[in-house]
1. Outside any strand (DSSP E or B), of a type outside the set (S, T, N, Q) and in contact with a Ser or Thr (Cβ under 7 Å, 6 or more places away or on another chain): which single residue out of Gly57, Gly46, Gly16 fits that description?
2. Give me a count of the residues in segment 26-43 that are of a type in the set (Val, Ile, Thr), assigned to a loop (DSSP other than H, G, I, E, B), out of contact with any Leu (no Cβ under 7 Å at 6 or more places or on another chain) and closer than 17 Å to Tyr12 by Cβ.
3. Report, by residue number, each residue of segment 51-62 that is surrounded by 15 or more Cβ atoms within 10 Å (Cβ to Cβ) and farther than 15 Å from Asn21 by Cα.
Amino acid sequence: MVGGSTNANVGYSSNGTSFTNAASGVTTGVSGLVYGNSVFVAIGSGGGVATSPGTDGATWTLQAGASVPVVTSGQLLFFN
């Protein structure tokens, strides 16, 4: 389980009860977080994009040059 926060961190958990913080790589708060095709994608409130491969969401990489229009909560979809 992975969740975003307003301070650009994400929390990840293997049990859904105890969470560990990880830096998402975006420079602003995480306003959107989706999972598909074995990749988490975090969208910063300023439009930055970071990805985390696999299923745990522990390691994130900012995707240099990638950006999306400013996203507000509930506006992301991810299709496989």
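1. Gly46
2. So in segment 26-43, the residues of a type in the set (Val, Ile, Thr) come out as 26-28, 30, 34, 39, 41, 43.
Next, from what is left, pick out any that are assigned to a loop (DSSP other than H, G, I, E, B): 26-28.
From what is left, the residues that are out of contact with any Leu (no Cβ under 7 Å at 6 or more places or on another chain) are 27-28.
Among the residues that remain, those that are also closer than 17 Å to Tyr12 by Cβ are: none.
Number satisfying all stated conditions: 0.
3. Of all residues in segment 51-62, those surrounded by 15 or more Cβ atoms within 10 Å (Cβ to Cβ) come to 51-52, 56-57, 60, 62.
Matches in segment 51-62: Thr51, Leu62.
Values in this text are rule-based calculations from the coordinates and carry no lab data. Not measured: the values here are computed from a predicted model. Methodologically, a virtual Cβ is constructed for each residue, glycine included, from the backbone with ideal geometry; neighbour enumeration extends over all protein chains shown.
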